[in-house]
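See structure below.
Computed from the coordinates by the stated procedures, all read-outs in this text should not be read as laboratory data. Keep in mind that what you see is a predicted model, and the values were worked out from it rather than measured. Positions of Cβ are backbone-derived with ideal geometry, glycine not excepted, and every protein chain shown enters the neighbour counts.
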Protein chains: 2
Amino acid sequence: MATADPTEPLLTLLLSLSLSFIAYALTSHLVPLLGPHLVDKGLAGRDMLKEGFKRKEDLKEGEELQGELLPEATGVIGASVYILLLSLFAPLPYLSHLLPTSLTSSLSALPGLNMTALLSNAVGSTTEPTHLVDLDTSLVFPHHSFATYLASLLSLLIATFLGFMDDLFDIRWRFKLPIPLIASVPLLVTYAAGHGITDIVLPKVFGLRELLGAAGTSGVVHLGPLYYLYMSMLSTFCTNSINILAGVNGVEVGQALLIALSISINDLLYLTFSLPSGQTFGVGLARGSTELSDRHLFSLYFMLPLVGVCAGLLRWNWYPARSFIGDTFCYFSGMAFATVGILGHFSKTLLLFFLPQIVNFIYSTPQLFGILPCPRHRLPRLQEETGLLGCSWSALDGREGRLGRGLLEVLAFFRLVDIIAHTNLTLLNLLLVLRGPMREDRLTMELMGLQAMGSAVAFAVRYAGAGWFYDGGRR
Amino acid sequence: MATADPTEPLLTLLLSLSLSFIAYALTSHLVPLLGPHLVDKGLAGRDMLKEGFKRKEDLKEGEELQGELLPEATGVIGASVYILLLSLFAPLPYLSHLLPTSLTSSLSALPGLNMTALLSNAVGSTTEPTHLVDLDTSLVFPHHSFATYLASLLSLLIATFLGFMDDLFDIRWRFKLPIPLIASVPLLVTYAAGHGITDIVLPKVFGLRELLGAAGTSGVVHLGPLYYLYMSMLSTFCTNSINILAGVNGVEVGQALLIALSISINDLLYLTFSLPSGQTFGVGLARGSTELSDRHLFSLYFMLPLVGVCAGLLRWNWYPARSFIGDTFCYFSGMAFATVGILGHFSKTLLLFFLPQIVNFIYSTPQLFGILPCPRHRLPRLQEETGLLGCSWSALDGREGRLGRGLLEVLAFFRLVDIIAHTNLTLLNLLLVLRGPMREDRLTMELMGLQAMGSAVAFAVRYAGAGWFYDGGRR
């Protein structure tokens, strides 16, 4: 029977890879096709880091904005492709539960043909009428798993829908901040319904356990409702942290692509795949736990098509960009990461894959929270004479106060900022401070390099280092 | 415990009524506030049935279009309000399952206070920390019910999202026809997962049972996959049948409002409400079946907020309209009806509430299927001298063929059409043919009167007449 079928992870992987490929093909086909329609509706912008672009304030009287209008918010195309694919193929992972037992058993009698047979049934091309839902009552439908699937799609679609509204109508900051919180409600209820664990295990360092009076020596703290607060913040963080590490062609999509790949690799570590011949391969960190391997299979099923969508968008968003992805993409991809992190029960591992985003966020706080002046755009500046990107600067206007000045001096001491005007506090500018001016695509590549290194560190901390901070045996 | 709590239907009804009121207040507040932003994005149109409007083809050279540009697609505002409310309040119907048993029992010890207590817990205003999800394992979470809830919201949001894309980008006919089909996939999987019944009972008349060889004398036919086809067609029908009975201020929203009310009344017939004092009231057609009463409670929970949204939209779409609702509304409301019909297992009763739409569709087929000429707009025509609406006409161009002519003669014989040019075949025109010219709001009222009469007939057929066609005892 289906749940016990050892070839299931392999079938799901193959199905997911196919969806990923279709997602890539559709996205990369549709972006140039639908782009002009976005431009028609005012979803368009000029590339600020290309020759000839002038900011509005630099224009002479009578002078018009130059540079080609490129489609904005193509992220909505990628997100639509993703959600429609995953909705249309929603029955497939559950097909073995929806088909009558007799059919399922005859299918498993044909090793190696399962996939083809399942797929052909799904599109109704069998010659014998398959009486769908002639259910043997012993075949219990996995309602919780299906609810998880639906909640994920619903959260993603809410985020995408509201993100698109933001791109279209330019929603004010105070109205858009709660968007990820609203979108995560279905996730949180599903988490709660799955007997969600609201305990955290505190690390052994810093005397944290004693400080918080964690029960006995096990270091378990029961967070209760606070854990739900933590998870809502997670969706807000995933969404916005990608959005503020932006401004250069391909950099948002590039980050998301690498995060999605890192999560996929992490998922693969937990799975064991069986060939119809009986051979097995895989790292199998789940160590026989169906629950663990199911969760990571679920995560993989959502991440691989996201990789496809990102690749499709990147094709047109890479330097020199032919289209921009808009806030829609950040809402959509951020929510996708939060979803698998929450419902896959690996939110802390997820955060490890956000190292560059966390660094960028912390480095940005003085400007984000108004301790130092913050201009509307903090992206690097094009040096017209060389065609390279250099840092962008915020002039000190004397209003930055003692806290701001002190902070600048500390940063300057470590050569993390130049003072007079100071460079804007973003990871992209920091790269330019440390490594000098470079071409735009090179900067994106270097940031993606950082992201990949971050993931390597994440894997090291998660699997080699966890033993230092926690009592052994945590998976 | 919660499922056995007899006050539950009453609490759900009160909650749903509150949501309905909030939905009305928000929608009617937001439409005039956000309307100008829709106009900015080109989501705007002129009222074709008001003095001064001229069709493009009637304009003299150099003459410009007259009449105020009104916001189009305000349906997206109503739909967003509805979906966000039902997502945000998703935990509420399941709260008794998510809270620890101790808390639930202490709540039920306070009769009459349940609602307040439940609500205050939901927003976290209790002073004692409530350890959410400290689940007693005997309290089984109703995963299937929750999956049903999620699938409904997902289907609604897909329909709304794609409907809005249609309003924004004017999607071509062949791409928009499958929209309701795609949106209904989550519904169908959920239906299948709930051990969906794919049998239908044939009526005793017309020798249908003998013709189709229905099993024995019970008249049960096993439709299997065909039943899923029928349900997908249902969503297409609900969506498009409202869309083609349109063209006059308030007429689409008015229809939807009355259909939603009719379904709500039908749902109420199945429920029995218990007061904390122990008194019960209600028709109780469910006759003790928890399954039946749950389904109708579910349907009621989705219909009442829809009534609120429709009322809010109608306030600004009523004659003389200050805004138009767009295709988004028809996709959204049509999908909402299909959802409760499918997952509430009363799709045939649902169709009875669509009598005017069915008549309009059948009456329209000669024009829709090209047997008779069909102009782009078939809405009635304003008679400038009286300010009343009269029929609109399609001139016979000699290309209508023998079939078309024959059909016209038959229709004319029954005085259902006037020949030379013939009146456009819509229910609105038919009303004008039969009852003479009238003012626009009067026409909407008369159509709504027809809709109400249709519902009365539907109730009669369903509850008094079903015995004539079926063997007794069907619920």
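With a Förster radius of 41 Å, plug the Cβ-Cβ distance of B:Lys41 and B:Met445 into 1/(1 + (r/R0)^6) and report the FRET value to the nearest 0.05.
Working: r = 33 Å, r/R0 = 0.80.
According to the calculation, E is roughly 0.80.
Near the amide H of A:Met438, under 5 Å away, which other amide H atoms are found, from residues 5 or more places off or on another chain, if H is placed in the peptide plane?
When sequence neighbours closer than 5 places are left aside, the close amide H contacts are A:Leu389.
Based on alpha-carbon atoms only, what is the radius of gyration of segment B:337-458 relative to the globular estimate 2.2 N^0.38 Å?
Values: Rg = 16.3 Å, N = 122, 2.2 N^0.38 = 13.7 Å.
For segment B:337-458, the normalised Cα radius of gyration is 1.19.
For the pairs A:Lys41/B:Lys60; B:Lys176/B:Lys348; A:Lys176/B:Lys41; A:Lys60/B:Lys60; A:Lys41/B:Lys348, flag any whose C-alpha to C-alpha distance is greater than 31 Å.
Values: A:Lys41/B:Lys60 29 Å; B:Lys176/B:Lys348 25 Å; A:Lys176/B:Lys41 19 Å; A:Lys60/B:Lys60 41 Å; A:Lys41/B:Lys348 41 Å.
A:Lys60/B:Lys60; A:Lys41/B:Lys348, as the Cα separations exceed 31 Å there.
Calculate the FRET efficiency for B:Trp393 and A:Leu30 from the Cβ-Cβ distance with a Förster distance of 45 Å, rounded to the nearest 0.05. Could the numbers behind the result be given before it?
Working: r = 42 Å, r/R0 = 0.93.
That pair, B:Trp393 with A:Leu30, gives E of 0.60.
Please state the shape class of segment B:225-333: rounded when a/c is under 1.5, otherwise prolate if a/b exceeds b/c and oblate if not, all from the C-alpha gyration tensor. Let's see the in-between values first.
Values: a/c = 3.49, a/b = 1.53, b/c = 2.28.
Since a/c reaches 1.5 but b/c is at least a/b, the shape of segment B:225-333 is classed as oblate.
Work out the mean other chain Cβ neighbour count within 10 Å for the residues of B:150-161 and drop it here as an integer.
Details: counts 13, 8, 2, 7, 14, 3, 1, 7, 8, 0, 2, 10.
Other-chain Cβ atoms within 10 Å of each residue's Cβ, averaged: 6.
Taking square-rooted eigenvalues a ≥ b ≥ c of the alpha carbon gyration tensor, is segment A:350-407 rounded, prolate or oblate, where a/c under 1.5 means rounded and, failing that, a/b exceeding b/c means prolate?
oblate
Dividing the alpha-carbon Rg of segment A:11-98 by 2.2 N^0.38 Å yields what?
Details: Rg = 19.9 Å, N = 88, 2.2 N^0.38 = 12.1 Å.
Segment A:11-98 yields a ratio of 1.65.
Over the alpha-carbon set of segment B:400-442, work out the extent along each principal axis and list the three values in angstrom, largest first.
Taking max minus min along each principal axis of the Cα atoms, segment B:400-442 gives 38, 17, 16 Å.
Report the calculated FRET efficiency for A:Asp418 and B:Glu68 (r = Cβ-Cβ distance, R0 = 60 Å), to the nearest 0.05. List each step's numbers first, then the result.
Details: r = 56 Å, r/R0 = 0.94.
Computed FRET efficiency for A:Asp418 and B:Glu68: 0.60.
With θ set to phi - 60° and the Karplus curve 6.51 cos²θ - 1.76 cosθ + 1.60, what are the ³J(HN,Hα) couplings of segment B:368-373 in order, to the nearest whole Hz, using x for Gly and Pro?
Values per residue, Gly and Pro as x: 5, 9, x, 6, 10, x Hz.
Packing-wise, with mean Cβ within 10 Å as the measure, how do A:62-73, B:247-258 rank, highest first? All intermediate terms of the calculation are to be shown ahead of the outcome.
Numbers: A:62-73: 14.9, B:247-258: 24.2.
Sorting A:62-73, B:247-258 by mean packing, highest first, produces B:247-258, A:62-73.
Can you list residues whose amide H is under 5 Å from B:Ala44's amide H, if they're 5+ apart or on another chain and H is modeled 1.01 Å from N?
Residues meeting the criterion, in which the H sits 1.01 Å from N, are B:Glu72.
I'd like the Karplus ³J(HN,Hα) series for segment A:260-277: coefficients 6.51, -1.76, 1.60, θ = phi - 60°, whole numbers in Hz, and an x wherever there's a Gly or Pro.
Once rounded to whole Hz, the list reads 4, 5, 4, 5, 4, 4, 4, 5, 4, 4, 8, 9, 10, 9, 10, 7, x, 6.
Out of residues 5 or more away from B:Trp393 or on other chains, whose amide H comes under 5 Å of its own, with H placed 1.01 Å from N in the peptide plane?
B:Asn424
Which ³J(HN,Hα) values in Hz, rounded to whole numbers, follow from the phi angles of segment B:337-348 under the Karplus curve 6.51 cos²θ - 1.76 cosθ + 1.60, where θ = phi - 60° and Gly and Pro get x?
5, 4, 4, 5, x, 6, 7, x, 6, 9, 5, 6
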